[in-house]
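The values are calculated or read from the model by the stated rules, or taken from the named source; none is laboratory data. Every value quoted in this text rests on a predicted model; they were computed, and no experiment measured them. Note: ideal-geometry Cβ built from the backbone for every residue, glycine included; neighbour counts use all protein chains shown.
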Amino acid sequence: MADRQKPLVMTADDDPEIRHILSAVLKPLDCDVIQAEDGEQALEQIITEKPDLVVLDVMMPTLSGWEICKYIRSKPEYADTKVLMLTAIGKTVNEMTSPLYGADAYHDKPFDIEEVRGTIQRLLDEAKAG
């Protein structure tokens, strides 16, 4: 993890309601949160802020979550960045494609808030352990 007091999590989803729900999920986890509403904004924030965890929707305007995940995995400076994919494209497609692009975890929409919180906590713990 970067030299900061709290882990930094970026949520990227073009649905403002999902971003709001994810902020509520993250609130008790004692982390800082930044948000992106499309793929281009997400990539820009990844480059400038270097979050410890990126929560990506797959289907977003400008760049898909898969394209962003592929970019993260192609750059050595993001080797420790954790990626969680959230998508409504279907369980089978998500299960087959998210690992191919290098995602650390994935959940299908609609998602169970407690399951997502547990996954995020696990990924943050892994990032902290380095």
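Taking segment 27-86 as the search range and keeping residues that are of a type in the set (S, T, N, Q) and not in a helix (DSSP H, G or I), which one is surrounded by the most Cβ atoms within 10 Å (Cβ to Cβ)? Full working, then the answer.
Pass one, segment 27-86, residues of a type in the set (S, T, N, Q): 35, 41, 45, 48, 62, 64, 74, 81.
After this cut, where a residue has to be not in a helix (DSSP H, G or I) as well, the list is 35, 62, 64, 81.
Values: 35: 18, 62: 14, 64: 17, 81: 23.
Of everything passing the filter in segment 27-86, 81 is surrounded by the most Cβ atoms within 10 Å (Cβ to Cβ).
Quick check: anything in segment 48-62 of a type in the set (Ser, Thr, Tyr) and closer than 18 Å to residue 108 by Cα? Lay out the reasoning, then the answer.
From segment 48-62, those of a type in the set (Ser, Thr, Tyr) are 48, 62; that's our starting set.
If we keep only those that are closer than 18 Å to residue 108 by Cα as well, we get none.
No, there is no match, as no residue in segment 48-62 is of a type in the set (Ser, Thr, Tyr) and closer than 18 Å to residue 108 by Cα.
Quick check on my filter: what residues within segment 75-127 are aromatic (Phe, Trp, Tyr) and modelled with pLDDT of 95 or more? Can you show your working first?
Going through segment 75-127, the residues aromatic (Phe, Trp, Tyr) turn out to be 78, 101, 106, 111.
Across segment 75-127, the qualifying residue is only 78.
Any residue in segment 102-119 that is free of Cβ contacts under 8 Å to residues at least 24 places away in the same chain sitting within a Cβ distance under 6 Å of a residue that is of a type in the set (Asp, Glu)? List the pairs, counting only those 6 or more apart or interchain.
none
Would you point out the residue of segment 16-26, among those that are more than 22 Å from residue 5 (Cβ to Cβ) and out of contact with any strand residue (DSSP E or B) (no Cβ under 8 Å at 6 or more places or on another chain), that is surrounded by the fewest Cβ atoms within 10 Å (Cβ to Cβ)? Outline the logic, then answer.
Just the residues of segment 16-26 that are more than 22 Å from residue 5 (Cβ to Cβ), to begin with: 16-21.
Cutting the leftovers down to out of contact with any strand residue (DSSP E or B) (no Cβ under 8 Å at 6 or more places or on another chain) gives us 16-17, 20-21.
Values: 16: 10, 17: 8, 20: 13, 21: 17.
Per the stated criteria, the residue is 17.
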